[in-house]
Amino acid sequence: MSPPVFRFAPSPNGYLHLGHAYSALLNSDRARETGGRLLLRIEDIDATRCRPEYETAIYEDLAWLGIAWETPVRRQSEHLDAYRTALDRLSALGLVYPAFESRAEIARQVAAREADGPWPRDPDGAPLYPGAARSLFANERDRLIDTGAPYALRLDMAAACRRAAGLSWNELGVGPDGERGVVPARPEAWGDVILARKETPTSYHLSVVVDDALQDVSEIVRGQDLFHATSVHRLLQVLLRLPEPVYRHHGLLRDEAGRKLSKSTSSTGLRELRAAGATPAGIRQLVGLG
């Protein structure tokens, strides 16, 4: 039987804080306790926000914490072809369509619909996509693409759910409302999620399930802020015929106002804490692992 595979997958769009340290240490501890492998993945598909200096700092901070990972490190920006292939498979199933509205146009569409009552929100609180582009004829879609108009490629959620009914996942941790064990997946709560954009052939949802499969990740340890997104990930795993990992969601570290930690909060940044004299053992105590 192969050893379990874990991964820590930060985005280099800022410096790591205590919340990142907590998740990284949990993954490292689980790998050590189970005789498993720990991978580090750099999720750098957002070219406008990700910077080399932040990536370098990730390596430095994790090494300082005493965390060891396998090499080479997978950087998402170097594997766009893999995501494009997955997107093509979904397109071949008739589950992907281009949507051309800007964020401002979508906001206006939602506002117009809310004149008749509340418009549904996804688990993160964002309004669901109204779906106007789903009804465009193929020749009109082709015409808009030929003009060079920007677009997002969205998953036809209703059609996708018809292909993959009765989804669930095995939760070894705990969800925001105490969920554990076999958890029913409800991807329809997210509406027609974005899978890629004109300039970027992937999104978080698509790339994370492709990477986890290609890297043989068997147990995903991550924060409760991604608990509900697991429904989308399970849907994509089934549609793409990818392996099903188990999930272990953990609670989030929060600031004094009860908000989850942000990369802009210098008081909880690992670099600032280290400069102030913190030790790796001290960080473990701060996050409740001492």
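The values are calculated or read from the model by the stated rules, or taken from the named source; none is laboratory data. Everything numeric in this text was worked out from a predicted model, so none of it was measured. Quick reminder, even Gly has a Cβ in these numbers, built from the backbone with ideal geometry, and neighbours come from all protein chains shown. For the accessible areas, the whole protein counts, side chains as well, though only heavy atoms, and no ligand, DNA or RNA atoms are used. Shrake-Rupley method; radii C 1.70, N 1.55, O 1.52, S 1.80 Å.
Structure notes:
- Contact order for the chain, expressed relative to its length and based on alpha carbon pairs under 8 Å spaced 6+ residues apart, stands at 23 percent.
- Stokes-Einstein D (µm²/s) once Rh is taken as the Kirkwood radius of the stretch 75-192 over alpha-carbon pairs, at 10 °C in 1.306 mPa s: 94 µm²/s
- 15 Å reach of a label modelled at L93, 7 Å along Cα-to-Cβ, counting backbone N of the stretch 222-255: 231-244
- Gaussian network model of the chain, springs between alpha carbon atoms under 10 Å - residue of E256, E188, E219 with greatest fluctuation: E256
- What the Cα convex hull of the chain gives, in volume per residue, is 156 Å³.
- Surface per residue (accessible, 1.4 Å probe) for the stretch 4-126, Å²: 49 Å²
- Alpha carbon centroid spacing (whole Å) that separates the stretch 43-89 from the stretch 172-191: 27 Å
- Estimated translational D of the stretch 32-103 in µm²/s (Stokes, Kirkwood radius over Cα pairs; 10 °C; 1.306 mPa s): 103 µm²/s
- For the chain, calculated [θ]222 nm from helices alone, where every DSSP H run of n ≥ 4 adds -39500 (n - 2.57): -10500 deg cm²/dmol
- FRET efficiency for W64 and D177, using Cβ-Cβ distance with R0 set to 45 Å, rounded to 0.05: 0.80
- Compactness of the stretch 182-290 is given as radius of gyration and Dmax, 17.4, 49 Å, from Cα positions.
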